[in-house]
1. What is the fewest-to-most order of MET20, MET74 by other Cβ atoms lying within 10 Å of their Cβ?
2. Where does the charge balance sit around HIS70 when Lys and Arg score +1, Asp and Glu -1, over other residues with C-beta under 11 Å from its C-beta?
3. Mind checking which of ILE56, LEU41, TYR68 is farthest towards the positive end of the chain's charge dipole, using Cβ charges of +1 (Lys, Arg) and -1 (Asp, Glu) about the Cα centre?
4. Tell me, VAL13, VAL32, VAL83 in order of fewest to most beta-carbon neighbours within 10 Å?
5. In debye, nearest 20, what is the charge dipole magnitude of the chain about its Cα centre with +1 on Lys and Arg Cβ and -1 on Asp and Glu Cβ, if you could check?
6. Who wins for biggest fluctuation among THR45, THR19, THR62 in a Gaussian network model of the chain, springs between alpha carbons below 10 Å?
7. Using just the helices of the chain, give the 222 nm mean residue ellipticity in deg cm²/dmol: DSSP H runs with n ≥ 4 each add -39,500 (n - 2.57), and the total is spread over all residues, rounded to 500.
8. Kindly write out, for segment 29-44 in residue order, the coupling ³J(HN,Hα) from the Karplus curve 6.51 cos²θ - 1.76 cosθ + 1.60 (θ = phi - 60°), rounded to whole Hz, with x marking Gly and Pro.
Amino acid sequence: MLTLMKMTNRYLVYPEDETMEIEHSPQFDDMVDLNGRPLALPLKTHRIIAYRVYKIRKEEKTGEENIYYHLELMSVQELEGLVR
C-alpha cells in the first residue's frame with residue numbers, strides 16, 4: 001500500500017499583501033505582533049503594532065496544502081482595551 005505524504009505550509013498575509021512563512025497555526029481572531037509571534041492577553045502596553053487574523057484560506061494541491069492567515073492591523077483603541 002502506498003501512502004502519500006502531504007506537506008503543509010502556513011503563511012501570514014499582511015495587509016500590504018506581504019507574506020511570511022510560519023510554524024504555528026493561529027486561529028480566527030488570534031493576535032500576532034509585527035514579526036508574526038502570537039500575542040498573549042492581557043497586553044503589557046497598547047504601544048505595539050498588532051494584527052488580528054480575520055480570514056483563513058486553504059489551497060490544496062497534490063501532496064501539498066497551503067494555509068494563509070490573513071491579517072488586519074488593530075487600532076490603538078482596540079489595543080487600549082486589552083491592556084491590564
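1. Result, fewest neighbours first: MET20, MET74.
2. The answer is +1.
3. Looking along the dipole axis, the top candidate is LEU41.
4. Final ranking by Cβ density, sparse to dense: VAL83, VAL13, VAL32.
5. Charge dipole, the chain, about its Cα centre: 280 debye, nearest 20.
6. It is THR62.
7. -1000 deg cm²/dmol
8. Here the 3J(HN,Hα) series is 6, 5, 10, 9, 8, 4, 8, x, 7, x, 9, 9, 9, x, 6, 6 Hz.
Taken together, the values in this text are just the output of simple stated rules run on the coordinates, not laboratory data. Owing to the predicted nature of the structure, the values given are computational and were not obtained by experimental measurement. When we count neighbours, we look across all protein chains shown, and the Cβ atoms used for this are built from the backbone with ideal geometry, even at glycine.
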